[in-house]
Structure formats: C-alpha cells, structure tokens
Amino acid sequence: HYRGLNGFAMNAEGTMRFSANGKKGEMTTKHEVFFQRPNKVTMIAGGGSMFEFTIVCDGNKVCTHLPMTRQYTEKEAPADIEGVLGGKKKGFINVFSMYQFLHLMTAKEPYQSLMSRMEKGRYMGLEAIGGAKCHHLRLSCKTPDEGSELELDSDLWIEEGDHPWIVKVASDQSK
C-alpha cells in the first residue's frame, strides 16, 4: 500500500511515560510528517517537550534544527526518500517509536525492510482502534541505529482492508 504512494501527510501524537527513583512522569510530543517522492520531507516534532525538532529536505538540501541543543545542520540531500529517512540512523530520531516504523511507509520494499529487522513477531488478532478494525501485531525488531544491536518490542495496529494504514504504535524501550 505505502509502496505505491508518491507522497503522504500524517499527524501523530507520541507520549513517553517513564519512571525513575520512584517518580513517574510523562512527555507528549505532536508530530507532523510530510513526504513526496523522490526525496522531499518535512518532519516537525513540537508541543513543548524537550524532544522538539524540525527536519526539512527540499530535494536539494536537508536541514535539521534541534532547539534544545541549539543545533542547526545543513547538508546535501540524498537522491531518494530512503536516503533521507532510512538506512542506519544515529541519535535522537530513533527515540520516538513512530519513527521506528516510518521506513515501512517510505521504503521501496516495505515488507523486506520490516523483515530485515524482525527478530520475532506474533499476531494478536483484530481490535477496534478509534472505530477502525485493526490487525494487532506484537513485534521484536532490531533498531536501525548504526553500531547497535538494540531490540525494540513494539505493538503495531494496522487497519484492516484495502488501505492498511498504520494506526497505532506502542513500544517498550526499557531494554
């Protein structure tokens, strides 16, 4: 389904819940992602959390802004969307579980991309999410971080039918 798209836009909200030294906390970040093949991307994470960032690729340059660290970078754009988003990533982008699966939406071969990182998987059945029937998958995948062999346990809900949109992602990053 995603393989045939020339582009798409999505809005998402990510909530990170954590506990340390007997205290619990929560941070919520709002995300906007736009992409157009072959290599145009805008990713904005905001909402007042410490994980705010902006990435823009206009097809010629990739610009990244990280307000928390007061960093701005600019480099030549890769030739395709997989070069901008895919491949081996370092750093902040993999903190967000939704980006762990962004490669599924943008890869030339989404199934092969998932299976190359898959350690194990289990089908949990059909569940209703926001009024839509969704296939619930429980996956254990290697993260795409360069030089790391970390595993990420995630639950993925994919809409049933002709347009299998990823509706929800929940990850356990405690490993």
Any hit, the stretch 55-68, residues being modelled with pLDDT of 90 or more and of a type in the set (D, E, K, R): yes
Subset of the stretch 21-43 [open to solvent by less than 60 Å² (accessible area, probe 1.4 Å) and assigned to a strand (DSSP E or B)]: GLY25, MET27, THR28, THR29, HIS31, VAL33, PHE35, VAL41, THR42, MET43
Residue satisfying all of: in the stretch 64-81; in contact with a helix residue (DSSP H, G or I) (Cβ under 8 Å, 6 or more places away or on another chain) and among the hydrophobic types (A, V, I, L, M, F, W, C); surrounded by the fewest Cβ atoms within 10 Å (Cβ to Cβ) among these: LEU66
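The values are calculated or read from the model by the stated rules, or taken from the named source; none is laboratory data. Only a predicted model underlies this, so the values are computations on that prediction, with no experimental measurement involved. A quick note on method: Cβ atoms are made from the backbone with ideal geometry, for glycine too, and the neighbour counts reach across all protein chains shown. Heavy atoms of the whole protein, side chains included, go into the accessibility calculation; ligands, DNA and RNA do not. Shrake-Rupley method; radii C 1.70, N 1.55, O 1.52, S 1.80 Å.
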